[in-house]
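Where a number appears in this text, it was derived from the coordinates with a stated rule and is not lab data. Note that the coordinates shown come from a computational prediction; the quantities given were computed from them, not determined experimentally. Because the Cβ atoms are built from the backbone with ideal geometry, glycine has one as well, and the counts that use them run over all protein chains shown.
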Amino acid sequence: MDKVPSIAYSCEEVSEWLKLNGFETFSDKFIEEDVDGEALALLSENALESLVDKVGPRMKLLGVIKKMVRSDSESVESGNSGSLSRLPWDLECPNNSKDQDSPRCSSPIPRNDCSTVRKTWVTPFCLPERFPPAVQEALSKNIALPKLIRVKFIQAIYDKICLFTISPTPDQRRDVCRAIISKYPSLADVGGSYETWYRQLGDKVKNELRHERSDPVVLARKRKSIEGSDLTAKVPGSSRRGIINWEPPAVDGEDLHSNKAHVQWMQKEYRKKHPNMEVVKQKMQLTFSFRRKYINAGKCSLNEIDAKYPFLFEHDQLQDEYERLVSGSSVKDLVVTNLRELAPKILKAASKKKLPQLEELVQACVQNEDELDEENRLTDDEKVVVALCTLPHLLERKTKK
């Protein structure tokens, strides 16, 4: 058998090659994972780690794979009429067929990388037929995947994506996420969405591209990003955390349509006796950017904000919102400082409102201290407590607690 394996090998031929070239210990694992010549050529060091647990053999095999890819590429470029002149994935796009039921193909991504010949992206995306045993077992139980299993699941999907591109576009990533939810409904986020998978797949792509050193398209994009940016430019004031009109960028994958869906879900959830606060917290984080723009526009009243984001004025969510705004500072210290500054204004508004339950306390706070006995004078902290007690009455709204 050849010293360098061929991309046209079947799973059995790959296993036989491993046995004849000093890797017999790992040949059964390659059979178990259905690694044929095509899959072997695409194995990254991370993927190979799950197949070959020893560093020495793994690095040797990685070197052989690189020679294999170069050898197959040279065969294609030289116009070799042998079996390698047409790679398994060098197929015509179904879009060229006259069959109207064929899946739609998106535009192929041009690549000059001579080390890999890639397929044309096809929509809808087809997930791998088989996953590692641990992942396959978890999927068969129709349960949420544990963290380590999710990592292997995403790795297997990214390996399949690499047959087409190592840098999928946002639309292609959404295509993959739709395929995940369609085939495995139990993996959907609350409400049937896929925001979590979209973000995790995006993180996986970013991590892989960060270490990419050979693909010319990715390298050109990195150079363009560096050359086209003014590294000395200052960050605009409106983008700084902590200022009153701060508007952070939206979470990757979120848009006006998804934000509307989150808001509608929270409005319905708020009417329930026992809302799912864990999911509410996630939705509040996802809608934070859009909420800041809505509030900063200055065209909405407190009642309108309350109607659109009913959980915002709940104790825990209000604290979380404040932390999102001033992250990196002591929230407790900032709240206390701000309340001491705002307490006189709150108490003045309360005195005009004339609240029967708190009228005496409010008047004691707003009266000139010279007119009060020393026993009846309130400290600044006591005035803050009275001001806080008046807020629910001024806002004219009862909270869940």
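Things to note:
- Thr169-Asn245 pseudo-label distance in nm [points 7 Å out on the Cα-to-Cβ vector]: 3.5
- In terms of packing, defined here as the mean over residues of other Cβ atoms within 10 angstrom, the peptides 123-133, 268-278, 284-294 line up highest first as 284-294, 123-133, 268-278.
- Contour excess over end-to-end distance, with Cα ends at Lys147 and Ile305 and 0.36 nm allotted per residue: 53.3 nm
- Annotation for Lys281 and Thr123: the two label points, set 7 Å from Cα along the Cα-Cβ direction, are 3.6 nm apart.
- Lys206-Lys183 pseudo-label distance in nm [points 7 Å out on the Cα-to-Cβ vector]: 2.6
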